[in-house]
Amino acid sequence: MSKRTGFLGALLLGTALTFGSTAMAEEAELWHFFSSGSEAEGLEALMAVTNGINSDQPITSRVFPGNILEMRRAIQTSLMGGNPPAAYGSGFGYELKIFADAGHLRPLDDVWERIRGDEIFPEGVKRVTMVDGHPMGIPFDLSLINNIFFNKKVLEDNGVEVPTDWDSLVAACDALRDAGVQPLANAGGPYWSMYNFYPALISTVGVDGYYALADGSMSFDSPEFREALDLFRNTLVSCYAENWSGKSWTQSGDDLVNGDVGMFMMGMWLGGYMRQAGFEPEVDFDFFPAPGTENLAIFQMDLFAIPAGTGPATEAGVAFAEAAASTAAQAAFTVPKGSIAPNLEVDPSIYDAVGAKASAELKNAEAVLPNLVFMLPTNLGTELGVQLERFAIDPSEETENEMITTLEALRVELQAENAFVKW
C-alpha cells in the first residue's frame, strides 16, 4: 500500500477485522458537526420532525463543533471500542466506500425501498450514495456549487450586464475593475478554487470527461486537462479580487454584501449566509450558472450513515434515517440552512426566490454531477485541491507543470493499487 493512503483509509485499516463482533451503544445518538447558525437551526428542526415520527425510538444529538475531522476521529475510536453512534453525518462517494469496505456501515437497501429512493433522488445523487450497488447513506442536504452570486446594485450601478458565457464574464470583470470594483471573490483553502475549476473542466471535457477524471481513466497530463487549466486561467483566475487567498468564504461573502466585490462563485450556503446578514434574495443579490454549466447541476451533499451493529440503538438509527428522507424532515433542514433538499418531492414553495431557482436547476438539469473531489481516492482529491489553489494564486506555466507532474504520478500509483471507482 502507498505511504500516501488517504486519511480515512489509514484510520480504518486497523479495525476492519475487529468491528464485526461489536455491538451498538444502547443510547441512540446522532453525531454531527452542525454546531452554529443556520446549520444548527436546520439540524434541530430536522430532529424535531424525525423524533416526532419515531416518538418510540427517539435519537439525541451530539455535536462536534465545525470540525468534520475531529468527528471522524471520534467515530473511529468508537468503532474500535464497539460503541459507535446510532447514526452520523457523512460525506458521499469515496468516504462511504472506505467505511463500507471495512465493514463498518449497515447497508440501507430496506430503507431505500421504503422511501422509494430510486424515485425521489436524482440519478447523480444515487450514483455516489451506492457502494457495490447498495445504498450506504440517506441524503438530506444538498447545495449546488456551480453558481456565481452577484451584488445586483454593484452590477447595475456600473452598467454591467449579468454574464451569460465565458466572454461576457471576462468583459464584466474588466468593466468592474475599470470602475474601481474588485470583480470576483474567491477564498483560501483547498476546496474553493477547485469548485471554481469545475466549469472550465466540464466546458473542455464534457460530462463524460468529468467522470473519466473521477474514475482515473483520464490522465492529468492529457491535452484536455491542460486545456481546462488554460480556460480556468484566462477566465475566473484572471477575474479574482486582490488578496483573495487570505480570506475565508464568509469574509468574501461580507465583501459581496458590502459591495466591495461584484461577484462570488460559491455554494448555495452563501445565499443563506447573506440572507442572515439582511441581504434579500432577488432584491439585493441573485445568481447565474457559471459558464459551461447552464444545463447542469453540480452538487455538494450531506448524508446520514448508520454504523453496522445490532440492538435498539441500531434500530433507532435506521428509523431515524428513514424519517430523515421524508419531505417534512428535509424541508425542516433546508429552509433555515439555505440549501435545497435532495428529495425532489419536497414542495419548492418552501424556498425563498433564490432557493426556488436552485431547486428548479436541480430538477431540470440535463445532468446532476457530484462534487468531483468526493469521487476521487481521498489523498488524490486532497492533492487536487491543494494544487488548484496553488495554480489559482500563481497560474504560471511552471506551476502548471509542477501540478500536472504531481497529480499524474499519484494517479498512476493509485491506478496500480486499483483504488479508483467507476461511479
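Derivation of every value follows stated rules applied to the coordinates shown; laboratory data play no part. Since the structure is predicted, the reported quantities are computational estimates derived from the model, not experimental observations. Here the Cβ is made from the backbone with ideal geometry for all residues, glycine too, and neighbour counts use every protein chain on show.
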Segment M80-D352, extension gain: residue separation times 0.36 nm, minus the distance between their alpha carbons: 93.5 nm
Euclidean distance of C-alpha centroids, region 79-97 and region 330-346, integer Å: 23
Residue pairs, from the table K247/K363; K337/K363; K152/K247; K152/K337; K247/K337; K337/K357, whose Cα atoms sit over 26 Å apart: K247/K363
Per-residue ³J(HN,Hα) for region 163-170, Karplus 6.51 cos²θ - 1.76 cosθ + 1.60, θ = phi - 60°, Hz, x for Gly and Pro: x, 10, 7, 4, 5, 6, 5, 5
Aspartates and glutamates with Cα under 14 Å of K97, excluding same-chain neighbours fewer than 8 positions away: D132, D215
Antiparallel content of DSSP bridges confined to the chain, in %, to 5: 60
FRET efficiency for S61 and A328, using Cβ-Cβ distance with R0 set to 22 Å, rounded to 0.05: 0.75
Global geometry of the chain, whether rounded, prolate or oblate, following the gyration tensor of its Cα atoms and the 1.5 cut on a/c: oblate
Ranked by how many other beta carbons lie within 10 Å on average, peptides 394-404, 357-367 from highest: 357-367, 394-404
Proximal charge balance of F140 [Cβ under 11 Å; K/R count +1, D/E count -1]: -1
Cα-centred dipole magnitude for the chain, charges only on beta-carbon of K, R (+1) and D, E (-1), debye, nearest 20: 980
Paramagnetic label zone (point 7 Å from Cα along Cα-to-C-beta, S217; backbone N under 20 Å) in region 104-141: 123-133
Projected label distance in nm at D394 and K363, using a 7 Å step from Cα toward the beta-carbon: 4.9
Projected label distance in nm at N295 and T250, using a 7 Å step from Cα toward the beta-carbon: 4.0
